[in-house]
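See below for the structure under consideration.
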Amino acid sequence: MDDATHGPLAGFTVGVTAARRADELIALLRRRGAAVVHAPALRIVPLADDGELLAATRALVDDPPDAVVATTAIGFRGWIEAADGWGIGERLLDRLRATELLARGPKVKGAVRAAGLVEAWSPQSESLAEVLDRLLAGPVAGRRIALQLHGEPLPGFVEALRDGGAEVVPVPVYRWMPPEDLAPLDRLLDAVAVGAVDAVTFTSAPAAASLLSRAAERGLREAVLDALRGPVLAACVGPVTALPLQGEAVATVQPERFRLGPLVQLLCQELPGRARVLPVAGHRLEIRGHAAVVDDRLRPVPPAGMALLSALARRPGWVVSRADLLAALPGAGRDEHAVETAMARLRAALGVPNLIQTVVKRGYRLSLDPGDGAGWSGARAVR
């Protein structure tokens, strides 16, 4: 059985922090074999009844801007729908027809045209940096520019325009709020802190910021950051989403195209590439998050067994004492019999009994093939 059969993400656990389009992302991950922990890090609150959005819209209708930047398709549609509900939808559309309308990428361009408008310009890359460069090349001094937001304040973008002499009118179509039920997010944070997930996906900067904020509230901030800087991969849909994590020295991976599909494809490359692969007893052993792949056959392993296997793999070919293995077992206490029990289950799960050798009165070792270079203690081993 190979990745085409069991899926490139089989044996890995991925955390999903998205609120919007979470079902689509989860389906893509599960289709490729991943186990998914879904924990929305925020919720989107529409502002149809919000005075701030109404005031911004009326200000633009009464005093037309020189340019409008539409940043998200759903946000632009929500803005037009809210204006319709207030009875000023047609007046807003008339103002937008008469101004320079910039659309951030193809999806936003589609929403603009669905509203009966035509954009003046749109980048192919969906990069806000390109939109900013286009505006600053104007130049922008003395211009009034409306910026349709979607939960993110975009301070760098706004500051650059204001530094250039523009008047910026934010149009806050949605707000991000903490999730009403924090329990799923807390469970994900606990899992991240102990390395029980292999990756966490982020599709918006506010979600990343919210996750770190909740971690701080629970006293887990450093543990979560240490995990994200180490064994837990932080996968972001794009560079803007990655900013809160990169500000905390967390390295992130991002697809070239800022879409869910490419994000999942990136995980399909990154996670198997991070798995430990060892030649053991004439077999190919690949150690994944909650499973092993033995000769291309996926072998699910219980958590205690994975703890032992990971401890053995850290020193392949060398004897690991029962005491050290006991320390690796979560919540095992002081009874070394727990090691024997977990080891028996691990061997059964792997399906090849001679992958792990018992070293008399000393502990256990992976039966690393000669020539791998790791070496071992030379003690007499018994299967």
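Values as computed for the structure displayed
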item	result
Label-point separation, Val45 to Met177 (7 Å along Cα→Cβ), nm	0.4 nm
Calculated [θ] (222 nm, deg cm²/dmol) that DSSP helices of n ≥ 4 give over the chain, each run adding -39,500 (n - 2.57)	-12500 deg cm²/dmol
Under 5 Å, built H, 5+ apart or other chain: amide partners of Arg284	Asp295
Surface accessible to a 1.4 Å probe, Asp84 within the full protein complex, Å²	90 Å²
Protection-proxy order for peptides 52-61, 205-214, each taking the mean of Cβ atoms within 10 Å per residue, highest first	205-214, 52-61
Gain in span if fully extended, Glu256 to Thr358, counting 0.36 nm per residue against the direct Cα distance	32.0 nm
Accessible area (Å², 1.4 Å probe, nearest 10) - His337	100 Å²
Heavy atoms of Met306: accessible area, 1.4 Å probe, square angstrom to 10	10 Å²
Cα-projected label distance for Val194 with Gln265, points at 7 Å along beta-carbon direction, nm	3.7 nm
For region 183-301, accessible area per residue (1.4 Å probe, heavy atoms of protein chains only), Å²	40 Å²
Carbon plus sulfur fraction of accessible area for the chain, probe 1.4 Å, in percent	50 percent
Low-density loop cleavage sites - trypsin sites (Lys or Arg not before Pro) in region 257-335, where at most 15 other Cβ are within 10 Å (DSSP)	Arg257, Arg259, Arg314, Arg334
Val277, Val264, reordered so the largest accessible area comes first (probe 1.4 Å)	Val277, Val264
Cα principal axis extents for region 108-261, largest first, Å	51, 31, 29
Projected label distance in nm at Ala98 and Arg314, using a 7 Å step from Cα toward the beta-carbon	6.9 nm
Efficiency of FRET from Cβ geometry, Asp62 and Ala141, R₀ 22 Å, rounded to 0.05	0.45
Among Gly89, Asn354, Thr203 - extreme Cα towards positive end, dipole of the chain, charges at beta-carbon	Asn354
Computed magnitude of the charge dipole of the chain (debye, nearest 20; Cβ of K, R +1, Cβ of D, E -1)	1640 debye
Potential extension, Ser125-Gln246 segment - 0.36 nm per residue separation minus Cα distance	41.4 nm
Whole-number D in µm²/s for region 46-178 (Stokes-Einstein; Kirkwood sum over Cα pairs; 4 °C, 1.567 mPa s)	89 µm²/s
Rounded to 10°, Cα long-axis angle of helix 22-31 versus longest principal axis of the chain	30 degrees
Kirkwood hydrodynamic radius (C-alpha pairs) into Stokes-Einstein, the chain, 25 °C and 0.890 mPa s, D in µm²/s	104 µm²/s
Lys/Arg +1, Asp/Glu -1 at C-beta; the chain dipole; positive extreme among Leu182, Val264, Trp79	Val264
Heavy-atom accessible area per residue - region 1-139, 1.4 Å, Å²	45 Å²
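The values are calculated or read from the model by the stated rules, or taken from the named source; none is laboratory data. A quick note: this is a predicted structure, and the numbers were derived from the prediction, not measured. Quick reminder, even Gly has a Cβ in these numbers, built from the backbone with ideal geometry, and neighbours come from all protein chains shown. Heavy atoms of the whole protein, side chains included, go into the accessibility calculation; ligands, DNA and RNA do not. Shrake-Rupley method; radii C 1.70, N 1.55, O 1.52, S 1.80 Å.
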